[in-house]
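Structure first, commentary second.
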Amino acid sequence: MTTASEDLKHEHEAVLFALKILEQMCAALQAGQDVDLEDQKKIIYFFKLFTDTCHHGKEEKYLFPALMEVGIAKENGPIGVMLAEHEQGRIYIAGISKAVADRTTHTEDFLKSANQYINLLRIHINKENNVLFPMGDMRLPAPRQKELLEKFARFEEEVIGKGKHEELHQLLKELQQKYTPH
């Protein structure tokens, strides 16, 4: 990978895949089927660790400040919008988590927060992939891109741990076999 956005777009693919799994869980619940509570907790774990801590962490700690340095606006600009959407996503994940707390699920609360989260992240990812990242790629020189990729790698090891990405991708594969088998 040569740009920070390539790394983040690759992670977006995993997030979109996880959203499909969550969507299938919601469809099953709406159809009155049981969805394993542990599976619900696993997908929440994925979104908290991979999407928020790792992916959003890299954006907030490294990419967004670099973009602001090259003139991309935070206040009344795309970075401010992305940050607000990250916060909204955290609220939705908290709602999903609350719905499965104490080993019981409150289906309506789960569905409401999950569907809001799914919609938010799909729109958010589209904005980043098609608007913000191309803006950044045009303005960030190659040496700065390389530096960001190095910081991303260190961040992943220090914050989520070596090998954790692979573990989280394996978790998605296991959930895929149960919820999106085709």
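Quick look at the numbers
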| read-out | value |
| --- | --- |
| Some residue of segment 73-83 being surrounded by 17 or more Cβ atoms within 10 Å (Cβ to Cβ), farther than 21 Å from ALA4 by Cα, of a type in the set (A, V, I, L, M, F, W, C) and under 16 Å from the mean Cα position of the chain (by Cα) | no |
| Conditions (1) touching a residue at least 40 places away in the same chain (Cβ under 8 Å); (2) out of contact with any Cys (no Cβ under 7 Å at 6 or more places or on another chain); number of the one not met by ASN115 | (2) |
| Cross-chain or 6+ apart pairs with Cβ under 7 Å, segment 126-149 first and modelled with pLDDT of 95 or more, then of a type in the set (Asp, Glu) | LEU149/ASP7 |
| Test set (1) surrounded by 18 or more Cβ atoms within 10 Å (Cβ to Cβ); (2) modelled with pLDDT of 95 or more - VAL35 fails condition number | (2) |
| Output for segment 1-34, where each listed residue is outside any helix (DSSP H, G or I) and either in contact (Cβ under 8 Å) with a residue 60 or more places away in the chain or closer than 24 Å to LYS127 by Cα (or both) | MET1, THR2, THR3 |
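Per-residue answers, yes or no, for (1) touching a Lys or Arg at 6+ places or on another chain (Cβ under 8 Å); (2) farther than 25 Å from GLY163 by Cβ; (3) not in a helix (DSSP H, G or I):
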| site | (1), (2), (3) |
| --- | --- |
| GLU60 | no, no, no |
| LEU67 | yes, yes, no |
| VAL81 | yes, yes, no |
| ARG90 | no, yes, no |
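The values are calculated or read from the model by the stated rules, or taken from the named source; none is laboratory data. In this text, all values refer to a predicted model and were calculated from it rather than measured experimentally. Using ideal geometry, Cβ is built from the backbone for each residue, glycine included, and neighbour counts are taken over all protein chains shown.
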